[in-house]
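All remarks here apply to the structure that follows.
The values are calculated or read from the model by the stated rules, or taken from the named source; none is laboratory data. In this text the structure is predicted, and so the values were computed from the model without any measurement. In this analysis, Cβ positions are derived from the backbone assuming ideal geometry, glycine residues included, and neighbour counts consider all displayed protein chains. Each accessible area value is taken on the protein alone, full model and side chains, heavy atoms only, with ligands, DNA and RNA left out. Shrake-Rupley method; radii C 1.70, N 1.55, O 1.52, S 1.80 Å.
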Amino acid sequence: MTGNGLVLTAVAILLGAVLLNPRLVKWPFWQATVTPLASIIGSGFLVAGPILAHAAGRHAWLAMLGLCALAYLFGDALRHNIRHVEPLLASRHRSGISATVRGLERASELALSLAYFVSVAYYLNLFAAFGLRIEGIIDPFWIRVAATASIAAVGAVGALGGLTGLERVEIGAVGLKLSLIGGLFAALAVTTAAALAGGSFGWPELPHAYGLHELTLLLGLVILVQGFETSRYLGSKYDAEVRVRSMRWAQGIATAIYLVFILLITPYFTDGLPQQGGETAIIDMLRPVSLAVAPALIIAALASQLSAAVADMNGAGGLLTEIFGRRLKVRIGNLITALVAIAITWSANIYEIIAYASKAFVAYYALQSAQAFLSAWRQRRFLQAAFFLAAMAIALAIILFATPVTV
């Protein structure tokens, strides 16, 4: 094993000992933070580098910062709703205002359930792509076959009511993933320091989209920083203040991880996305750092995609149950989610799925921003209302104008 490989392994083991420590694992605030954090830095972390290299070149870190700032704006709308709208929903008042609140909330739930359909396809397509990469298979057909089998398996477990047990792996999977990410950062930092000392450090000038086309591509990448909304639906276990603080912490940690990662890997950016295997392009991009990078990334990918897909499928089943007034069982909702995800898998490539998922989640953010705008306006918090109105306008622009990355 090379020096970088030893650094990666040693740091990953050290971080694993900290992040998987039973005292931390059982800390309620960390548990509340892990759920949104797991989703934010799940699949997005794996594809952000190659896609942003293609879309923004050496300015990828600025694009990433913009996406994180936009996500924080949407998150602020959700945090407002946790504090101010949830009590209205719980009060069951029959006034016109409460009817509007309930209507927007029901529409939000419907939009989020549709987003979950797409995200399950997204997560398990990446799961299949990274799993097959172990055998060197990058053919899109076989990735779809493997993704279909994975979706069907998770859907079958969900239909039989066994997802609760699978969800227990989430905290362990997040600890493992963060440990491997920390090890990767350490290896990249050592390599960067050596390049700076030797005078060979540099960021490549790559051709990429410019102007309006670049903007529409970036608007389609909101899913890279999606996931913070899960805090909104943890009310049965955590109070409002814990969910607000843990969501803010999750977004802050994720932003720091994303920016450090993009800055460290920019010297390894390559020209364009490959025609095949683009989902796993990060492995080839970072292969010069160490041979240990590939297995570390594959392990992190498999852990994160499976846990995220399980969580989203369970979320979709639960939301469908709420939307249909509990006339639809969660098990049937999980089965419907699996069938729709399989249909999406065979009708779109991974980059189209990313754009569709972004739009689906952004529709939810638009509705939640509208909810927050009306709430802030009623409270005469006009500056805050203006920010929420801007968030809603940006969300609508994304839905209308975002375009998928093409190879």
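Would you confirm, using the coordinates I've provided, whether Phe117 is open to solvent by 40 Å² or more (accessible area, probe 1.4 Å), among the aromatic types (Phe, Trp, Tyr) and either over 17 Å from the mean Cα position of the chain (by Cα) or at pLDDT 80 or above (or both)? Criteria not met by Phe117. Of all residues in segment 56-95, exactly one satisfies the criterion of being more than 21 Å from the chain's Cα centre (by Cα), of a type in the set (A, V, I, L, M) and modelled with pLDDT of 85 or more, namely Val85. Against the test of being among the charged types (D, E, K, R) and under 23 Å from Gly252 (Cα atoms), the options Arg102, Arg83 yield a single qualifying residue, Arg83. With respect to His84, is the statement that it is farther than 30 Å from Val340 by Cα, in contact with a Ser or Thr (Cβ under 6 Å, 6 or more places away or on another chain) and open to solvent by 40 Å² or more (accessible area, probe 1.4 Å) true? Criteria met by His84. Summed over segment 219-251, residues that are within 23 Å of Ala357 (Cα to Cα) and open to solvent by 40 Å² or more (accessible area, probe 1.4 Å) total 2. Taken over segment 365-407, the criterion of being of a type in the set (Phe, Trp, Tyr) and under 17 Å from Tyr72 (Cα atoms) is satisfied by Tyr365, Phe373, Phe387, Phe388.
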